[in-house]
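Each remark here refers to the structure printed beneath this line.
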């Protein structure tokens with residue numbers, strides 16, 4: 001009998017030691033000052049992996065976090081992604097530069113460090129757990145139309161990647177609500193304010209009298225020139241902007257002219273403490289002797305929703321798929337897309353049809369040469385909802 005018990009115990013040990021690990025990859029810069037954000041992401045992901053393994057989420061299988069420090073080198077990031085694909089990583093936390101490799105290999109990519117548009121098509125294996133420029137502009141456009149009651153605007157925008165992306169998203173959402181774009185003017189980015197004295201007077205003259213509200217989703221230099229010139233031309237329009245306006249330099253020349261501008265941005269961290277957040281912060285501080293950053297919440301939540309999707313896929317798998325642990329990446333992707341009302345650190349999470357996790361957007365106003373958050377909104381079931 002003892003021999004049978006010993007053999008049974010040995011078999012159990014062999015099963016668990018030979019059970020296939022579930023690899024989650026991490027690719028980011030974690031070195032030095034520039035790698036501070038990436039390091040916070042990594043530490044938060046480690047906490048999440050430890051919790052998942054402690055809960056024995058998938059019996060007999062442990063989740064393993066394979067991390068690669070890119071040191072800010074794009075080539076190193078792409079090489080790390082190749083290694084993770086070879087290791088059959090189920091998902092990777094990484095940057096937008098990994099999107100093509102992730103899509104081609106059918107590896108889930110969860111973006112944490114970029115708000116830009118993903119220029120890969122199709123992109124159904126690309127997910128994001130940070131507020132994108134598209135989502136920010138969509139929420140703000142709905143706010144401008146429905147809350148500020150603004151139905152017609154003009155636009156002056158720099159023809160760079162940020163300006164083009166956020167303007168296109170804003171226009172789409174605004175016009176879908178019923179809004180009208182009266183005039184749209186494109187301007188160049190001012191590289192050197194000391195040698196480039198552009199004041200955008202021609203663009204402003206073309207707009208004058210055609211709209212009472214002007215959207216200026218530009219950097220501080222261009223926005224200052226626009227505000228100053230508009231004042232000189234006697235244009236009394238109201239100005240609105242986006243996250244690029246959140247820069248104290250906008251007051252350096254424009255001074256009080258830069259006040260009273262409403263704009264959107266990532267919200268301030270002033271939400272109520274949730275039990276999950278309190279638990280995470282205690283675990284983070286205990287393990288690393290540091291306080292977690294606001295952004296690290298995204299990494300923790302990303303790991304949790306990915307592992308939840310993998311767990312559901314495993315539960316739905318056939319006996320043969322379970323024994324070999326060959327899970328269909330298409331099913332993992334679809335289970336990730338089906339996540340709704342998931343308990344995240346800051347509240348309930350939902351993965352939207354285009355792969356982005358639903359995020360809150362802060363509405364700010366420039367006052368007394370500073371910035372004050374007015375409210376926080378997000379879109380739920382296609383509708384604009386005030387959160388706080």
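The values are calculated or read from the model by the stated rules, or taken from the named source; none is laboratory data. Given the structure is predicted, the values throughout are model-derived calculations rather than measurements. Backbone-built Cβ (ideal geometry, glycine too); neighbour counts: all protein chains shown.
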Every residue from the stretch 87-103 that is surrounded by 23 or more Cβ atoms within 10 Å (Cβ to Cβ) and under 14 Å from the mean Cα position of the chain (by Cα): 93, 94
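Is the stretch 168-178 home to any residue that is surrounded by 18 or more Cβ atoms within 10 Å (Cβ to Cβ) and either touching a residue at least 60 places away in the same chain (Cβ under 8 Å) or at positive phi (or both)? Full working, then the answer.
Filtering the stretch 168-178 for residues surrounded by 18 or more Cβ atoms within 10 Å (Cβ to Cβ) gives 169-171, 173-174.
Retained after the next criterion (residues that are either touching a residue at least 60 places away in the same chain (Cβ under 8 Å) or at positive phi (or both)): 170.
Yes, there is a match, as at least one residue in the stretch 168-178 is surrounded by 18 or more Cβ atoms within 10 Å (Cβ to Cβ) and either touching a residue at least 60 places away in the same chain (Cβ under 8 Å) or at positive phi (or both).
Condition check ((1) surrounded by fewer than 16 Cβ atoms within 10 Å (Cβ to Cβ); (2) touching a strand residue (DSSP E or B) at 6+ places or on another chain (Cβ under 8 Å); (3) not in a helix (DSSP H, G or I)) across all residues:
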site: 282; (1), (2), (3): yes, no, no
site: 330; (1), (2), (3): yes, no, no
site: 335; (1), (2), (3): no, no, no
site: 340; (1), (2), (3): yes, yes, yes
site: 348; (1), (2), (3): yes, yes, yes
Meets criteria (touching a residue at least 24 places away in the same chain (Cβ under 8 Å), under 34 Å from the mean Cα position of the chain (by Cα) and farther than 25 Å from residue 370 by Cα) for residue 203: yes
Lone unmet requirement of (1) surrounded by fewer than 16 Cβ atoms within 10 Å (Cβ to Cβ); (2) in a loop (DSSP other than H, G, I, E, B) for residue 293: (1)
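In the set 66, 106, 117, which member is assigned by TED's automatic domain parsing to the domain that holds residue 305, surrounded by fewer than 19 Cβ atoms within 10 Å (Cβ to Cβ) and more than 28 Å from residue 169 (Cα to Cα)?
Working: 106 fails: more than 28 Å from residue 169 (Cα to Cα); 117 fails: more than 28 Å from residue 169 (Cα to Cα).
Selected residue: 66, the only one of 66, 106, 117 that is assigned by TED's automatic domain parsing to the domain that holds residue 305, surrounded by fewer than 19 Cβ atoms within 10 Å (Cβ to Cβ) and more than 28 Å from residue 169 (Cα to Cα).
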All positions within the stretch 299-334 that are free of Cβ contacts under 8 Å to residues at least 60 places away in the same chain, in contact with a helix residue (DSSP H, G or I) (Cβ under 6 Å, 6 or more places away or on another chain) and farther than 12 Å from residue 91 by Cβ: 312, 331
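Inspect the stretch 264-277 for any residue being touching a helix residue (DSSP H, G or I) at 6+ places or on another chain (Cβ under 6 Å), farther than 22 Å from residue 373 by Cβ and surrounded by 15 or more Cβ atoms within 10 Å (Cβ to Cβ) and give the result as yes or no.
To start, the set of residues in the stretch 264-277 that are touching a helix residue (DSSP H, G or I) at 6+ places or on another chain (Cβ under 6 Å) comprises 264-265.
Still in the running and farther than 22 Å from residue 373 by Cβ: none.
Among the residues of the stretch 264-277, not one is touching a helix residue (DSSP H, G or I) at 6+ places or on another chain (Cβ under 6 Å), farther than 22 Å from residue 373 by Cβ and surrounded by 15 or more Cβ atoms within 10 Å (Cβ to Cβ), which makes the answer no.
Given the condition surrounded by 13 or more Cβ atoms within 10 Å (Cβ to Cβ), assigned by TED's automatic domain parsing to the domain that holds residue 149, in a helix (DSSP H, G or I) and under 25 Å from the mean Cα position of the chain (by Cα), answer yes or no: does some residue in the stretch 236-244 qualify? Working first, answer last.
So the first thing to find is which residues in the stretch 236-244 are surrounded by 13 or more Cβ atoms within 10 Å (Cβ to Cβ), and the list is 237-244.
The next check asks that each one be assigned by TED's automatic domain parsing to the domain that holds residue 149; those that pass are 237-244.
Checking which are in a helix (DSSP H, G or I) leaves us with 243-244.
In the following step, the residues that additionally are under 25 Å from the mean Cα position of the chain (by Cα) were identified as 243-244.
The answer is yes; a qualifying residue exists.
Yes or no: residue 151 surrounded by fewer than 16 Cβ atoms within 10 Å (Cβ to Cβ), more than 16 Å from residue 241 (Cβ to Cβ) and modelled with pLDDT of 95 or more?
Details: surrounded by fewer than 16 Cβ atoms within 10 Å (Cβ to Cβ): yes; more than 16 Å from residue 241 (Cβ to Cβ): yes; modelled with pLDDT of 95 or more: yes.
It is true that residue 151 is surrounded by fewer than 16 Cβ atoms within 10 Å (Cβ to Cβ), more than 16 Å from residue 241 (Cβ to Cβ) and modelled with pLDDT of 95 or more.
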